[in-house]
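One structure is given here, and the rest of the page talks about it.
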Amino acid sequence: MSNKSFNTKCNFASNIKILVTKKNFLSKKNFDLSFMNNKYLKIRNNREDLNKLLPSKPHYIKQIHGNKVINLDNDSNFSHVCDGVITRKKNQVIGILTADCIPLVISSKCGNIVCALHVGRKGLEYNIIKNAFKILNKYSYEYEAWVGPAISKKYYIVDSKVKDSFKNINKDYVDFFKESNFKNTFNMDLIGMASFQLAKNNVDNISYSNLCTVENNDDFYSHRYSSNKERFGTYVWINQ
């Protein structure tokens, strides 16, 4: 693993590029990309240094753990308040900031369109993946997906109310909850549920980083592990 990013282990078309930052990105200490800590100057400098490596300035969105997805190419007056973004423009970088939630990248197998989603527990509950495909399915493509570094089921513990809420949506979701070592709590498999929802949208090729943000906290931020507000970035674009 380099000090810039890591091998994404992705089977996308060769023109689809993904870059994921780490805590020591560009040999810096604590390479945070989120303005939530109010360290404006530091974050601005980090983003400017990152921009030098990318074909265009990344398009950021204001993530709210919802299910709204925007088409960057068609929506001229869209709100930046959303949790997913789609583009077919070459060299247009789109980005997601996370610290346990899943940075999910979807691409057409031909490499003509990309989608970046911020998928946490609420995103799964609201099925942001299904909403993304309401846009993606307007195009005659087959799709594949890549799951970036996210918290594993071993460390994601929820109470019975969360389990029951998902069961009421879809009884099949109970398969992604297992009793934990703590009374009346469950280990929730976010990645497994995201894979299930992808399969429901006919995605049969899914690649995984296989990196847990808690187990790899030296490299990636984890809100559950350290209760911090720092975030690492996942960026994707169609190379020209």
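Numbers below:
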{"quantity": "Point-to-point label distance, residue 41-residue 215, nm (Cα→Cβ direction, 7 Å offset)", "calculated": "4.0 nm"}
{"quantity": "Where Rh is the Kirkwood radius over Cα pairs, Rg/Rh for the stretch 173-240", "calculated": "1.04"}
{"quantity": "Potential lengthening between residue 57 and residue 13 on full extension [0.36 nm per residue; Cα-Cα distance subtracted]", "calculated": "13.6 nm"}
{"quantity": "Part-to-part distance (alpha-carbon centres) for the stretch 79-98 and the stretch 171-232, which is given in Å", "calculated": "22 Å"}
{"quantity": "HN-Hα J in Hz across the stretch 205-218 - Karplus 6.51, -1.76, 1.60, θ = phi - 60°, x for Gly and Pro", "calculated": "10, 10, 9, 10, 6, 6, 10, 8, 5, 7, 5, 10, 5, 5"}
{"quantity": "Segment residue 125-residue 139, length gained on full extension (0.36 nm per residue, minus Cα span)", "calculated": "2.5 nm"}
{"quantity": "Rounded FRET efficiency, nearest 0.05, which uses the C-beta distance separating residue 28 from residue 154 and R0 of 30 Å", "calculated": "0.55"}
{"quantity": "Surface per residue (accessible, 1.4 Å probe) for the chain, Å²", "calculated": "48 Å²"}
{"quantity": "Under 5 Å, built H, 5+ apart or other chain: amide partners of residue 205", "calculated": "145"}
{"quantity": "Flagged links, alpha-carbon separation over 19 Å, of 130/200; 122/161; 23/62; 178/229", "calculated": "23/62; 178/229"}
{"quantity": "Spatially proximal aspartates and glutamates relative to residue 138 (Cα-Cα < 16 Å; intrachain offsets below 8 disregarded)", "calculated": "73, 75"}
{"quantity": "Solvent-accessible area of residue 231 with every protein chain in place, 1.4 Å probe, in Å² to the nearest 10", "calculated": "40 Å²"}
{"quantity": "Residues whose placed amide H lies under 5 Å from that of residue 31, excluding near-sequence neighbours", "calculated": "24, 25"}
{"quantity": "Prolate/oblate/rounded call for the stretch 47-153, Cα gyration tensor, a/c under 1.5 rounded", "calculated": "rounded"}
{"quantity": "GNM result for the chain, Cα springs below 10 Å: residue of 182, 196, 35 fluctuating most strongly", "calculated": "182"}
{"quantity": "Taking the stretch 136-199 and dividing mean pair separation by its residue count, relative contact order in percent (alpha carbons under 8 Å, at least six apart)", "calculated": "35 percent"}
{"quantity": "Carbon + sulfur, % of accessible area of the chain - ligands and nucleic acids excluded, 1.4 Å", "calculated": "44 percent"}
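The values are calculated or read from the model by the stated rules, or taken from the named source; none is laboratory data. All values derive from a computational prediction rather than experimental measurement. Positions of Cβ are generated from backbone atoms using ideal geometry, with glycine treated the same way; all protein chains shown enter the neighbour counts. In case anyone asks, the SASA skips ligands and DNA or RNA and just uses the protein heavy atoms, side chains included. Shrake-Rupley method; radii C 1.70, N 1.55, O 1.52, S 1.80 Å.
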